[in-house]
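Okay, so here's the structure we're looking at.
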Amino acid sequence: MTTRTTPPFRADHVGSLLRPPELLAARVQHRAGQLDAAGLRAVEDEAIRAVVAMQEEVGLQSATDGEFRRTSWHMDFIYALGGITTTADKIQVHMRNAGGQVDFESAAMRVSEPITLRETIFGDAFDFLQAQVHTATPKLTIPSPSMVHYRGGRASIDEAVYPDLEQFWDDLTTAYAEQVSRIAAQGCRYLQLDDTSLAYLNDPAQRAEQTAAGSNAEHQHELYIQNINKAISGRPDTLAVTTHMCRGNYRSSWAAEGGYDFVAEALFGQLDVDGFFLEFDDERSGSFAPLRYVPAGKQVVLGLVTSKRGELESKDDLKRRIDEAAKYVPLEQLCLSPQCGFSSTVEGNALTQDEQRAKLSLIVETAAEVWG
(Lines give C-alpha, C1' and ligand atoms only; values in the text may rest on other atoms or scores of the structure.)
Protein backbone atom coordinates (compact mmCIF):
# COMPACT_ATOMS: atom_id res chain seq x y z
CA MET A 1 0.00 0.00 0.00
CA THR A 2 1.09 3.55 -0.70
CA THR A 3 0.15 7.00 0.48
CA ARG A 4 -2.05 8.99 -1.86
CA THR A 5 -0.82 12.16 -3.53
CA THR A 6 -4.23 13.16 -4.90
CA PRO A 7 -7.49 13.70 -2.99
CA PRO A 8 -9.08 12.13 -1.11
CA PHE A 9 -6.16 11.23 1.13
CA ARG A 10 -5.60 8.19 3.35
CA ALA A 11 -6.10 10.41 6.42
CA ASP A 12 -8.65 13.10 5.67
CA HIS A 13 -11.44 15.06 7.31
CA VAL A 14 -14.82 16.39 6.31
CA GLY A 15 -14.20 20.12 6.69
CA SER A 16 -15.85 22.01 9.51
CA LEU A 17 -13.91 22.52 12.73
CA LEU A 18 -14.78 23.86 16.18
CA ARG A 19 -14.78 27.66 16.30
CA PRO A 20 -12.35 29.05 18.87
CA PRO A 21 -13.84 31.12 21.74
CA GLU A 22 -12.43 34.40 20.43
CA LEU A 23 -14.19 33.90 17.10
CA LEU A 24 -17.50 33.06 18.77
CA ALA A 25 -17.15 36.20 20.92
CA ALA A 26 -16.39 38.32 17.86
CA ARG A 27 -19.55 37.05 16.16
CA VAL A 28 -21.62 38.05 19.18
CA GLN A 29 -20.03 41.52 19.18
CA HIS A 30 -20.64 41.88 15.45
CA ARG A 31 -24.34 41.02 15.79
CA ALA A 32 -24.64 43.55 18.62
CA GLY A 33 -23.06 46.28 16.50
CA GLN A 34 -19.97 46.43 18.70
CA LEU A 35 -17.59 45.13 16.01
CA ASP A 36 -17.64 46.13 12.36
CA ALA A 37 -17.23 43.80 9.39
CA ALA A 38 -13.52 44.56 9.07
CA GLY A 39 -12.99 43.75 12.74
CA LEU A 40 -14.81 40.45 12.42
CA ARG A 41 -12.83 39.62 9.30
CA ALA A 42 -9.56 40.21 11.14
CA VAL A 43 -10.57 37.81 13.91
CA GLU A 44 -11.65 35.22 11.32
CA ASP A 45 -8.33 35.60 9.49
CA GLU A 46 -6.30 34.96 12.63
CA ALA A 47 -8.44 31.97 13.62
CA ILE A 48 -8.07 30.46 10.14
CA ARG A 49 -4.29 30.90 10.18
CA ALA A 50 -4.17 28.99 13.46
CA VAL A 51 -6.51 26.18 12.40
CA VAL A 52 -4.66 25.62 9.11
CA ALA A 53 -1.42 25.36 11.06
CA MET A 54 -3.06 22.84 13.40
CA GLN A 55 -4.15 20.64 10.52
CA GLU A 56 -0.66 20.61 9.06
CA GLU A 57 0.93 19.99 12.45
CA VAL A 58 -1.09 16.80 13.01
CA GLY A 59 -0.03 15.57 9.57
CA LEU A 60 -3.18 15.97 7.46
CA GLN A 61 -2.62 16.25 3.71
CA SER A 62 -5.75 18.38 3.27
CA ALA A 63 -6.69 21.59 5.05
CA THR A 64 -9.86 23.66 5.16
CA ASP A 65 -10.58 27.01 6.77
CA GLY A 66 -12.81 25.13 9.22
CA GLU A 67 -15.79 26.93 7.62
CA PHE A 68 -14.99 29.69 10.11
CA ARG A 69 -16.60 32.42 7.99
CA ARG A 70 -19.93 30.58 7.88
CA THR A 71 -22.86 30.19 10.23
CA SER A 72 -24.03 26.99 8.55
CA TRP A 73 -22.32 24.42 6.34
CA HIS A 74 -24.88 24.91 3.57
CA MET A 75 -27.16 27.93 3.92
CA ASP A 76 -24.42 30.57 3.61
CA PHE A 77 -23.74 29.18 0.14
CA ILE A 78 -27.36 28.66 -0.88
CA TYR A 79 -28.40 32.20 0.10
CA ALA A 80 -25.53 33.55 -2.02
CA LEU A 81 -27.05 32.10 -5.20
CA GLY A 82 -28.98 34.61 -7.27
CA GLY A 83 -32.73 34.07 -7.12
CA ILE A 84 -32.77 32.53 -3.61
CA THR A 85 -33.83 34.51 -0.57
CA THR A 86 -34.59 33.90 3.06
CA THR A 87 -38.17 34.19 4.25
CA ALA A 88 -40.00 34.90 7.49
CA ASP A 89 -41.20 31.31 7.51
CA LYS A 90 -39.48 28.72 9.68
CA ILE A 91 -38.75 25.07 9.03
CA GLN A 92 -39.40 22.73 11.92
CA VAL A 93 -36.35 20.50 12.33
CA HIS A 94 -36.51 17.30 14.36
CA MET A 95 -33.25 15.68 15.40
CA ARG A 96 -32.10 13.40 18.17
CA ASN A 97 -29.04 12.55 20.16
CA ALA A 98 -28.02 10.26 23.00
CA GLY A 99 -30.21 12.31 25.36
CA GLY A 100 -33.40 12.19 23.29
CA GLN A 101 -35.28 14.44 20.88
CA VAL A 102 -33.93 17.83 19.79
CA ASP A 103 -36.39 20.17 18.04
CA PHE A 104 -35.64 23.63 16.71
CA GLU A 105 -36.63 26.12 14.02
CA SER A 106 -34.45 26.96 11.04
CA ALA A 107 -34.75 29.74 8.49
CA ALA A 108 -36.66 28.83 5.34
CA MET A 109 -35.66 29.75 1.79
CA ARG A 110 -37.53 30.73 -1.32
CA VAL A 111 -36.62 30.45 -4.99
CA SER A 112 -38.29 33.68 -6.11
CA GLU A 113 -36.31 34.46 -9.29
CA PRO A 114 -34.35 32.46 -11.85
CA ILE A 115 -31.25 30.94 -10.24
CA THR A 116 -27.93 32.47 -11.26
CA LEU A 117 -24.37 32.68 -10.00
CA ARG A 118 -23.86 36.34 -9.16
CA GLU A 119 -20.30 35.95 -7.91
CA THR A 120 -17.87 33.17 -7.13
CA ILE A 121 -19.21 31.97 -3.79
CA PHE A 122 -16.50 31.62 -1.14
CA GLY A 123 -13.97 32.77 -3.76
CA ASP A 124 -12.30 35.25 -1.41
CA ALA A 125 -12.38 32.69 1.40
CA PHE A 126 -10.61 30.14 -0.78
CA ASP A 127 -7.97 32.65 -1.86
CA PHE A 128 -7.19 33.33 1.79
CA LEU A 129 -7.07 29.63 2.65
CA GLN A 130 -4.80 28.93 -0.29
CA ALA A 131 -2.37 31.58 0.93
CA GLN A 132 -2.11 29.97 4.39
CA VAL A 133 -1.22 26.38 3.51
CA HIS A 134 2.37 25.19 3.36
CA THR A 135 2.23 21.40 3.08
CA ALA A 136 -1.47 20.55 2.77
CA THR A 137 -3.83 20.70 -0.20
CA PRO A 138 -6.51 23.36 0.43
CA LYS A 139 -10.02 21.92 0.23
CA LEU A 140 -13.21 23.87 -0.40
CA THR A 141 -16.50 22.45 0.86
CA ILE A 142 -19.86 23.51 -0.58
CA PRO A 143 -23.35 22.01 -0.38
CA SER A 144 -24.46 19.77 -3.21
CA PRO A 145 -27.11 21.11 -5.61
CA SER A 146 -29.48 18.54 -4.11
CA MET A 147 -29.61 20.56 -0.92
CA VAL A 148 -31.28 23.49 -2.70
CA HIS A 149 -34.20 21.21 -3.52
CA TYR A 150 -34.31 18.94 -0.45
CA ARG A 151 -34.53 21.85 1.98
CA GLY A 152 -38.01 22.93 0.85
CA GLY A 153 -38.98 20.88 -2.19
CA ARG A 154 -41.54 22.07 -4.71
CA ALA A 155 -43.20 24.31 -2.10
CA SER A 156 -40.11 26.52 -1.83
CA ILE A 157 -39.87 27.11 -5.61
CA ASP A 158 -42.12 29.83 -7.02
CA GLU A 159 -44.31 28.24 -9.70
CA ALA A 160 -44.50 31.54 -11.55
CA VAL A 161 -40.71 31.40 -11.94
CA TYR A 162 -40.40 27.66 -12.48
CA PRO A 163 -43.70 26.07 -13.56
CA ASP A 164 -41.56 23.17 -14.75
CA LEU A 165 -38.90 21.84 -12.39
CA GLU A 166 -36.76 20.77 -15.32
CA GLN A 167 -35.87 24.43 -15.94
CA PHE A 168 -35.13 24.85 -12.24
CA TRP A 169 -32.62 22.02 -12.40
CA ASP A 170 -31.11 23.36 -15.63
CA ASP A 171 -30.52 26.79 -14.10
CA LEU A 172 -29.26 25.37 -10.82
CA THR A 173 -26.76 22.99 -12.41
CA THR A 174 -25.60 25.72 -14.80
CA ALA A 175 -24.88 28.00 -11.83
CA TYR A 176 -23.03 25.20 -10.07
CA ALA A 177 -21.02 24.34 -13.17
CA GLU A 178 -19.91 27.97 -13.40
CA GLN A 179 -19.00 27.95 -9.69
CA VAL A 180 -16.90 24.81 -10.20
CA SER A 181 -15.17 26.31 -13.23
CA ARG A 182 -14.38 29.57 -11.44
CA ILE A 183 -13.07 27.99 -8.27
CA ALA A 184 -10.88 25.64 -10.29
CA ALA A 185 -9.50 28.66 -12.15
CA GLN A 186 -8.53 30.12 -8.76
CA GLY A 187 -6.34 27.10 -8.17
CA CYS A 188 -8.68 24.77 -6.28
CA ARG A 189 -7.65 21.14 -6.69
CA TYR A 190 -9.96 19.63 -4.07
CA LEU A 191 -13.71 20.32 -3.95
CA GLN A 192 -16.17 18.53 -1.71
CA LEU A 193 -19.94 18.51 -2.25
CA ASP A 194 -21.72 17.98 1.08
CA ASP A 195 -25.02 16.17 0.65
CA THR A 196 -27.15 14.97 3.54
CA SER A 197 -30.10 14.20 1.26
CA LEU A 198 -28.46 11.13 -0.27
CA ALA A 199 -28.01 9.70 3.23
CA TYR A 200 -31.38 10.87 4.57
CA LEU A 201 -33.23 9.07 1.77
CA ASN A 202 -32.07 5.73 3.15
CA ASP A 203 -34.37 6.35 6.12
CA PRO A 204 -37.99 5.24 5.44
CA ALA A 205 -39.24 8.06 7.69
CA GLN A 206 -37.45 10.63 5.55
CA ARG A 207 -38.84 9.10 2.35
CA ALA A 208 -42.33 9.28 3.84
CA GLU A 209 -41.82 12.99 4.57
CA GLN A 210 -40.65 13.61 1.02
CA THR A 211 -43.62 11.72 -0.40
CA ALA A 212 -45.99 13.81 1.74
CA ALA A 213 -44.32 16.94 0.33
CA GLY A 214 -45.05 15.80 -3.22
CA SER A 215 -41.71 14.32 -4.23
CA ASN A 216 -41.15 10.94 -5.84
CA ALA A 217 -39.14 9.67 -2.91
CA GLU A 218 -38.47 6.23 -4.39
CA HIS A 219 -36.48 7.81 -7.23
CA GLN A 220 -35.43 11.14 -5.72
CA HIS A 221 -31.84 9.99 -5.20
CA GLU A 222 -31.56 9.16 -8.90
CA LEU A 223 -32.73 12.66 -9.81
CA TYR A 224 -30.15 14.15 -7.46
CA ILE A 225 -27.32 11.99 -8.83
CA GLN A 226 -28.20 12.99 -12.37
CA ASN A 227 -28.08 16.69 -11.54
CA ILE A 228 -24.90 16.52 -9.46
CA ASN A 229 -23.27 14.91 -12.48
CA LYS A 230 -24.45 17.79 -14.68
CA ALA A 231 -22.99 20.30 -12.22
CA ILE A 232 -19.51 18.75 -12.25
CA SER A 233 -19.31 17.29 -15.76
CA GLY A 234 -17.15 20.12 -17.11
CA ARG A 235 -14.58 20.13 -14.30
CA PRO A 236 -10.91 20.10 -15.31
CA ASP A 237 -8.79 17.00 -14.80
CA THR A 238 -6.82 18.90 -12.16
CA LEU A 239 -9.86 19.14 -9.85
CA ALA A 240 -10.73 16.19 -7.60
CA VAL A 241 -14.36 16.16 -6.47
CA THR A 242 -15.68 14.16 -3.53
CA THR A 243 -19.04 14.03 -1.84
CA HIS A 244 -19.82 13.71 1.86
CA MET A 245 -23.03 12.04 2.99
CA CYS A 246 -24.18 11.94 6.60
CA ARG A 247 -27.46 11.75 8.44
CA GLY A 248 -27.38 15.21 10.00
CA ASN A 249 -24.94 16.89 12.34
CA TYR A 250 -26.11 19.66 14.66
CA ARG A 251 -24.70 20.01 18.17
CA SER A 252 -23.98 16.27 18.30
CA SER A 253 -27.48 15.39 17.04
CA TRP A 254 -28.68 13.64 13.89
CA ALA A 255 -31.85 13.57 11.79
CA ALA A 256 -31.87 10.21 10.00
CA GLU A 257 -30.83 6.62 10.55
CA GLY A 258 -30.18 3.51 8.49
CA GLY A 259 -27.56 2.06 6.17
CA TYR A 260 -26.74 3.20 2.64
CA ASP A 261 -28.57 0.22 1.14
CA PHE A 262 -31.46 2.09 -0.51
CA VAL A 263 -29.27 4.46 -2.55
CA ALA A 264 -26.08 2.37 -2.84
CA GLU A 265 -26.38 0.82 -6.30
CA ALA A 266 -27.22 4.10 -8.04
CA LEU A 267 -25.01 6.21 -5.80
CA PHE A 268 -21.78 4.26 -6.17
CA GLY A 269 -22.41 3.16 -9.73
CA GLN A 270 -23.55 6.45 -11.24
CA LEU A 271 -22.31 9.44 -9.21
CA ASP A 272 -19.30 10.82 -11.08
CA VAL A 273 -17.10 11.80 -8.14
CA ASP A 274 -13.60 10.69 -7.20
CA GLY A 275 -14.43 9.67 -3.66
CA PHE A 276 -17.24 9.16 -1.15
CA PHE A 277 -17.01 10.36 2.46
CA LEU A 278 -19.37 8.01 4.31
CA GLU A 279 -20.66 8.00 7.87
CA PHE A 280 -19.87 4.75 9.69
CA ASP A 281 -19.27 5.79 13.30
CA ASP A 282 -21.99 3.69 14.97
CA GLU A 283 -25.01 1.45 14.45
CA ARG A 284 -27.07 4.33 12.98
CA SER A 285 -25.05 3.98 9.79
CA GLY A 286 -25.71 0.33 9.01
CA SER A 287 -23.22 -2.20 7.73
CA PHE A 288 -20.43 -2.01 5.16
CA ALA A 289 -22.36 -4.33 2.81
CA PRO A 290 -23.55 -1.53 0.46
CA LEU A 291 -19.89 -0.89 -0.39
CA ARG A 292 -20.02 -3.92 -2.67
CA TYR A 293 -21.41 -1.60 -5.34
CA VAL A 294 -18.33 0.68 -5.32
CA PRO A 295 -16.54 0.31 -8.68
CA ALA A 296 -12.80 0.20 -9.25
CA GLY A 297 -11.13 3.60 -9.32
CA LYS A 298 -13.35 5.20 -6.67
CA GLN A 299 -12.12 5.97 -3.14
CA VAL A 300 -14.25 5.39 -0.05
CA VAL A 301 -13.38 7.53 2.97
CA LEU A 302 -14.58 5.59 5.98
CA GLY A 303 -16.01 7.92 8.63
CA LEU A 304 -15.17 5.68 11.56
CA VAL A 305 -14.11 8.35 14.06
CA THR A 306 -17.09 10.17 15.52
CA SER A 307 -17.18 13.95 15.69
CA LYS A 308 -20.24 13.86 17.96
CA ARG A 309 -18.47 13.12 21.23
CA GLY A 310 -15.01 13.52 22.69
CA GLU A 311 -14.23 9.95 23.73
CA LEU A 312 -11.25 8.76 21.67
CA GLU A 313 -11.63 5.62 19.62
CA SER A 314 -9.30 2.64 19.95
CA LYS A 315 -6.73 2.35 17.18
CA ASP A 316 -7.17 -1.42 17.17
CA ASP A 317 -10.95 -1.05 16.78
CA LEU A 318 -10.45 1.28 13.84
CA LYS A 319 -8.11 -1.20 12.15
CA ARG A 320 -10.58 -4.01 12.72
CA ARG A 321 -13.38 -2.02 11.11
CA ILE A 322 -11.17 -1.08 8.16
CA ASP A 323 -10.52 -4.81 7.69
CA GLU A 324 -14.27 -5.43 7.74
CA ALA A 325 -14.86 -2.78 5.07
CA ALA A 326 -12.05 -4.28 2.97
CA LYS A 327 -14.19 -7.40 2.54
CA TYR A 328 -16.37 -5.32 0.20
CA VAL A 329 -13.91 -2.78 -1.25
CA PRO A 330 -10.17 -3.38 -1.80
CA LEU A 331 -8.02 -1.82 0.92
CA GLU A 332 -6.27 0.27 -1.72
CA GLN A 333 -9.58 2.08 -2.34
CA LEU A 334 -10.17 2.95 1.32
CA CYS A 335 -9.26 6.01 3.41
CA LEU A 336 -10.10 7.16 6.95
CA SER A 337 -11.78 10.26 8.40
CA PRO A 338 -14.27 11.49 11.00
CA GLN A 339 -17.86 10.63 10.13
CA CYS A 340 -18.76 14.32 9.76
CA GLY A 341 -17.49 17.79 10.53
CA PHE A 342 -16.90 18.89 14.10
CA SER A 343 -18.96 22.05 13.71
CA SER A 344 -21.47 21.90 10.85
CA THR A 345 -23.04 25.00 12.36
CA VAL A 346 -21.34 27.74 14.32
CA GLU A 347 -22.41 26.19 17.64
CA GLY A 348 -20.29 23.07 17.19
CA ASN A 349 -20.53 19.57 18.60
CA ALA A 350 -20.12 18.53 22.24
CA LEU A 351 -16.37 18.08 22.47
CA THR A 352 -13.31 20.24 23.15
CA GLN A 353 -10.61 21.66 20.91
CA ASP A 354 -8.11 19.21 22.46
CA GLU A 355 -10.43 16.27 21.82
CA GLN A 356 -10.90 17.39 18.22
CA ARG A 357 -7.13 17.53 17.69
CA ALA A 358 -6.65 14.13 19.31
CA LYS A 359 -9.16 12.58 16.91
CA LEU A 360 -7.46 14.11 13.87
CA SER A 361 -4.09 12.87 15.12
CA LEU A 362 -5.53 9.40 15.68
CA ILE A 363 -6.76 9.32 12.09
CA VAL A 364 -3.34 10.30 10.74
CA GLU A 365 -1.51 7.75 12.92
CA THR A 366 -3.93 4.93 12.12
CA ALA A 367 -3.81 5.61 8.38
CA ALA A 368 0.00 5.58 8.44
CA GLU A 369 0.00 2.18 10.13
CA VAL A 370 -2.61 0.70 7.79
CA TRP A 371 -1.48 2.10 4.44
CA GLY A 372 2.12 3.11 5.10
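For the range 328-372, which positions are under 22 Å from LYS298 (Cβ atoms) and among the hydroxyl-bearing types (Ser, Thr, Tyr)?
TYR328, SER337, THR366 - these are the residues of the range 328-372 that are under 22 Å from LYS298 (Cβ atoms) and among the hydroxyl-bearing types (Ser, Thr, Tyr).
If only one of LEU24, LEU35 is part of a helix (DSSP H, G or I) and more than 19 Å from LEU140 (Cβ to Cβ), which one is it? Reasoning before the result, please.
Values: LEU35 fails: part of a helix (DSSP H, G or I).
The unique qualifying residue is LEU24.
Which is crowded, with 21+ Cβ neighbours inside 10 Å and either closer than 24 Å to TYR250 by Cα or of a type in the set (Gly, Ala, Ser) (or both), of PHE288, PHE276? First the steps, then the outcome.
Numbers: PHE288 fails: either closer than 24 Å to TYR250 by Cα or of a type in the set (Gly, Ala, Ser) (or both).
Sole residue among the options that is crowded, with 21+ Cβ neighbours inside 10 Å and either closer than 24 Å to TYR250 by Cα or of a type in the set (Gly, Ala, Ser) (or both): PHE276.
Does the range 216-237 contain at least one residue that is touching a residue at least 40 places away in the same chain (Cβ under 8 Å) and on the phi > 0 side of the Ramachandran plot?
The answer is no; no qualifying residue exists.
Taking THR173 as the residue in question, decide whether it is in contact (Cβ under 8 Å) with a residue 24 or more places away in the chain and in a loop (DSSP other than H, G, I, E, B). Give the derivation first.
Numbers: in contact (Cβ under 8 Å) with a residue 24 or more places away in the chain: yes; in a loop (DSSP other than H, G, I, E, B): no.
For THR173, the condition - in contact (Cβ under 8 Å) with a residue 24 or more places away in the chain and in a loop (DSSP other than H, G, I, E, B) - is not met.
Quick one: in the range 254-277, of everything that is assigned to a strand (DSSP E or B) and in contact (Cβ under 8 Å) with a residue 60 or more places away in the chain, which residue is nearest to ALA208 (Cα to Cα)? Walk me through it before giving the result.
Quick first cut of the range 254-277, residues assigned to a strand (DSSP E or B) only: 254, 275-277.
In the following step, the residues that additionally are in contact (Cβ under 8 Å) with a residue 60 or more places away in the chain were identified as 254, 275, 277.
On the way: TRP254: 17, GLY275: 29, PHE277: 25 Å.
Here the residue is TRP254.
Which is without any contact (Cβ under 8 Å) to a residue 24 or more places away in the chain and open to solvent by 10 Å² or more (accessible area, probe 1.4 Å), of ASP282, ASP317? Reasoning before the result, please.
Numbers: ASP282 fails: without any contact (Cβ under 8 Å) to a residue 24 or more places away in the chain.
One residue alone meets the criteria, ASP317.
Tally the residues that are of a type in the set (D, E, K, R), in contact with a strand residue (DSSP E or B) (Cβ under 8 Å, 6 or more places away or on another chain), at pLDDT 95 or above and within 17 Å of ASN227 (Cβ to Cβ), restricting the search to the range 130-175.
First, pick out the residues of the range 130-175 that are of a type in the set (D, E, K, R): 139, 151, 154, 158-159, 164, 166, 170-171.
Still in the running and in contact with a strand residue (DSSP E or B) (Cβ under 8 Å, 6 or more places away or on another chain): 139, 151, 158, 171.
Filter once more, so that each one left must be at pLDDT 95 or above: 139, 158, 171.
Filter once more, so that each one left must be within 17 Å of ASN227 (Cβ to Cβ): 171.
Number of matching residues: 1.
For the condition under 29 Å from VAL51 (Cα atoms), in contact with a Lys or Arg (Cβ under 7 Å, 6 or more places away or on another chain) and open to solvent by 20 Å² or more (accessible area, probe 1.4 Å), what is the one hit in LEU312, LEU304, LEU336? Can you show your working first?
Working: LEU304 fails: open to solvent by 20 Å² or more (accessible area, probe 1.4 Å); LEU336 fails: open to solvent by 20 Å² or more (accessible area, probe 1.4 Å).
None of the other options fit; the residue is LEU312.
Given (1) more than 26 Å from ARG96 (Cα to Cα); (2) in a loop (DSSP other than H, G, I, E, B); (3) in contact with a Leu (Cβ under 9 Å, 6 or more places away or on another chain), identify the lone condition not met by SER343.
(1)
Return the residues of the range 176-223 that are in a helix (DSSP H, G or I), open to solvent by 70 Å² or more (accessible area, probe 1.4 Å) and modelled with pLDDT of 95 or more; say none if nothing qualifies. Full working, then the answer.
Residues of the range 176-223 that are in a helix (DSSP H, G or I), as a first pass: 176-185, 197-200, 204-212, 220-223.
Remaining after also requiring open to solvent by 70 Å² or more (accessible area, probe 1.4 Å): 178, 182, 185, 204, 209, 211-212, 222.
Passing the criteria: GLU178, ARG182, ALA185, GLU222.
Could you go through the range 15-37 and let me know if any residue there is among the basic types (Lys, Arg) and more than 21 Å from THR345 (Cβ to Cβ). Even if it seems obvious, please write down each step before you answer.
Quick first cut of the range 15-37, residues among the basic types (Lys, Arg) only: 19, 27, 31.
After this cut, where a residue has to be more than 21 Å from THR345 (Cβ to Cβ) as well, the list is none.
Looking for residues that are among the basic types (Lys, Arg) and more than 21 Å from THR345 (Cβ to Cβ), one finds none in the range 15-37, hence no.
So, in the range 339-353, how many residues would count as being open to solvent by less than 20 Å² (accessible area, probe 1.4 Å) and under 18 Å from THR141 (Cα atoms)?
7
For the structure I just gave you, tell me whether ALA231 is hydrophobic (A, V, I, L, M, F, W, C), in contact with a Pro (Cβ under 8 Å, 6 or more places away or on another chain), farther than 24 Å from THR6 by Cβ and at pLDDT 95 or above.
Judged against the criteria, ALA231 is not a match.
Any residue that is among the small types (Gly, Ala, Ser), part of a loop (DSSP other than H, G, I, E, B), in contact with a Pro (Cβ under 7 Å, 6 or more places away or on another chain) and touching a residue at least 40 places away in the same chain (Cβ under 8 Å) - is there at least one of those in the range 286-306? Walk me through it before giving the result.
Let us first name the residues in the range 286-306 that are among the small types (Gly, Ala, Ser), namely 286-287, 289, 296-297, 303.
Subsequent filtering for residues that are part of a loop (DSSP other than H, G, I, E, B) retains 286-287, 296-297.
In the following step, the residues that additionally are in contact with a Pro (Cβ under 7 Å, 6 or more places away or on another chain) were identified as none.
No, that holds for no residue.
With the checklist (1) in contact with a Lys or Arg (Cβ under 8 Å, 6 or more places away or on another chain); (2) more than 23 Å from PHE68 (Cα to Cα) in hand, flag the one item THR137 doesn't pass.
Single failed check for THR137: (2).
The values are calculated or read from the model by the stated rules, or taken from the named source; none is laboratory data. Note that this is a predicted model, so its numbers are computed, not measured. Cβ: placed from backbone, ideal geometry, glycine included. Neighbour counts: every protein chain shown. All accessible areas refer to the heavy atoms of the entire protein, side chains included, with ligands and DNA or RNA removed. Shrake-Rupley method; radii C 1.70, N 1.55, O 1.52, S 1.80 Å.
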